[in-house]
Structures are given as structure tokens and as C-alpha cells.
1. Taking residue 170 and the conditions (1) among the hydrophobic types (A, V, I, L, M, F, W, C); (2) under 15 Å from the mean Cα position of the chain (by Cα); (3) more than 21 Å from residue 223 (Cα to Cα), which numbered condition does it fall short on, given that it satisfies the others?
2. So, in the stretch 31-51, exactly how many residues are closer than 17 Å to residue 250 by Cα and out of contact with any Phe, Trp or Tyr (no Cβ under 8 Å at 6 or more places or on another chain)?
3. Going by the conditions given, is residue 210 at pLDDT 95 or above, under 30 Å from residue 157 (Cβ atoms) and either crowded, with 18+ Cβ neighbours inside 10 Å or out of contact with any Asp or Glu (no Cβ under 9 Å at 6 or more places or on another chain) (or both)?
4. How many residues does the stretch 185-222 contain that are within 12 Å of residue 167 (Cα to Cα) and of a type outside the set (Val, Ile, Thr)?
5. Out of (1) within 22 Å of residue 89 (Cβ to Cβ); (2) among the acidic types (Asp, Glu); (3) out of contact with any Gly (no Cβ under 7 Å at 6 or more places or on another chain), what's the single condition that is false for residue 135?
6. I'd like the full set of residues that are among the charged types (D, E, K, R), modelled with pLDDT of 95 or more and either surrounded by fewer than 18 Cβ atoms within 10 Å (Cβ to Cβ) or assigned to a helix (DSSP H, G or I) (or both), limited to the stretch 169-197.
7. Within 22 Å of residue 109 (Cα to Cα) and modelled with pLDDT of 95 or more: is that true of residue 200 in this structure?
8. When you look at residue 66, is it at pLDDT 95 or above, on the phi < 0 side of the Ramachandran plot, in contact with a helix residue (DSSP H, G or I) (Cβ under 8 Å, 6 or more places away or on another chain) and in a loop (DSSP other than H, G, I, E, B), yes or no?
Amino acid sequence: MRQPFVAGNWKMNGSLDSVNTLLDGIKAGIGEVKEAEVAVCAPFVFIPKAQQKLNGSPVAWGGQDLSVHDAGAYTGETAGSMLKDFGCRYVIIGHSERRTYHHESDDLVAAKFQAALKAGLIPIFCIGETLEQREGGITEEVVGRQLDAVLNLDDGATLGRGVIAYEPVWAIGTGKTASPEQAQDVHAFIRNRVAGKNGAVAEKIRILYGGSMKPGNAAELMAKPDIDGGLIGGAALQAEDFLGICTAAN
């Protein structure tokens, strides 16, 4: 039985005051969540605040990206070891916004996956298609190619040390959500593709849904057999909404 997992991705949002309020609200309400694992992935500057507020609570925290380099003359970059120094357990890898706005290739994302593991972090590995690609009937081709960049590093063991997040790009921040059936179809495709390489990894790896999950649709989405939780964007910025999704994961 795979433990449900809900991770909040704050993206580039928040102020010191709003982050304090958000973290206090999550910490106060998380006691109602007994079964699911919960984490928040904050902008770099707010990670020390997450550590301060969440240390000793059931909620883990992490970063939204990391460098492939351990150290050196890479101005503006953040090494995995730096995230680890501030108690991070997770880091998001390959988010569609990184792929789109920063032109991150599949190979670079795979290198970041490995850098995260080297630093002792658990990568949340994002894959997903655009609306144009979905309407063109190539969802599986695109998702499969992105997945294979890490899956084919070895016998699947490397991938098995992370978490997968399927995020249909057309449903991120748009208010659109894949139907539970649409989401399940892609999640099942992902799990089956992993199974073709390593059945044990396919059985245990958690695949999160990352496309506008909300308290109102979370339970129905997560009731599907291959949807093991969510990577939450907008709803992670309000403690009540985020906790509602965490409760649904129970």
C-alpha cells in the first residue's frame, strides 16, 4: 500500500507575513491528517522560515529547484547540499515552468534528479504535456519521453528513489482540471511504463497529480488506483484549502 502524499508548491509567491500565517495555519491543522505524508516546497528565501516553523511537526519541507553543481562560480544557483543544510527533505525537479521559461531539457532534468539524490534529497519529478500536445494526440509520446530520461538511467532503481508528479500543463493555474478518468489514464500509462523496466519500482513509486487539484475534487481524483496524492499549486497558498486536500488524502 502506497502512502498518500500531498506536496504544496508555492511557486514565486508569498511575503514574510503571509508565509508566517500560512505555516502557522498548516501546523495548527495538520493534526487532523493521520494517513498522508505532507510537505511544502517554498521559494529559497522562505526555506529557513519553513524550517523554523515546521521543525518537529509532521510536515516536511523542500525546495523548488536545485543546481546540477555541488559548488562553484554559478551565481544565482542553489546546491542540493545548501537545501539539505536547512532541513529540506524534498526538491521539485523539472516543473513545466522550468522546462518552458528556463528551457530545461530532459537531460538536464535527469541530471538534477541525480544531483538531488547525491545531496540526500528526494526529487519530485514533474512530467506532463501541453494543450497542443494533448490535442495532437501525443500525450503518451511526450510523457513517455520525459519519464524515460530518468527511468533509463539504469534498471529503474534511480527513479524509484523519487516521486513522480504528472502535471498536464494545460491544467496548471488555468482552473481547468483533467477529469479523474483522464488523469487516471495517464497515471496508469506512467506506472505501466515503469513496470516495463522494473515491476517492483512501479508498484511502490508514488505518482502525484499536479493540475489544479482543489478540496472539492481531491477525493475523487485520489480515489483512482494510480493517483497517490497531489502536487498542489494555488490551493497550497491558503492553509484551509491545503489542509482540505490533505484530509481528502486520508
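The values are calculated or read from the model by the stated rules, or taken from the named source; none is laboratory data. No experiment lies behind these values; they were computed from the predicted model shown. When we count neighbours, we look across all protein chains shown, and the Cβ atoms used for this are built from the backbone with ideal geometry, even at glycine.
1. All conditions are met except number (2).
2. In the first step, residues of the stretch 31-51 are kept if they are closer than 17 Å to residue 250 by Cα; the result is 31-39.
Right, trim to out of contact with any Phe, Trp or Tyr (no Cβ under 8 Å at 6 or more places or on another chain) and you get 31-35.
Here the count works out to 5.
3. Values: at pLDDT 95 or above: no; under 30 Å from residue 157 (Cβ atoms): yes; either crowded, with 18+ Cβ neighbours inside 10 Å or out of contact with any Asp or Glu (no Cβ under 9 Å at 6 or more places or on another chain) (or both): yes.
Judged against the criteria, residue 210 is not a match.
4. 7
5. Exception for residue 135: condition (1).
6. Taking the stretch 169-197 as the starting set, the residues that turn out to be among the charged types (D, E, K, R) are 176, 181, 185, 191, 193, 197.
This time we only want the ones that are modelled with pLDDT of 95 or more, so: 181, 185, 191, 193, 197.
If the condition is that a residue be among the charged types (D, E, K, R), modelled with pLDDT of 95 or more and either surrounded by fewer than 18 Cβ atoms within 10 Å (Cβ to Cβ) or assigned to a helix (DSSP H, G or I) (or both), then 181, 185, 191, 193 are the ones that fit.
7. Working: within 22 Å of residue 109 (Cα to Cα): no; modelled with pLDDT of 95 or more: yes.
It is false that residue 200 is within 22 Å of residue 109 (Cα to Cα) and modelled with pLDDT of 95 or more.
8. On the way: at pLDDT 95 or above: yes; on the phi < 0 side of the Ramachandran plot: yes; in contact with a helix residue (DSSP H, G or I) (Cβ under 8 Å, 6 or more places away or on another chain): yes; in a loop (DSSP other than H, G, I, E, B): yes.
Yes.
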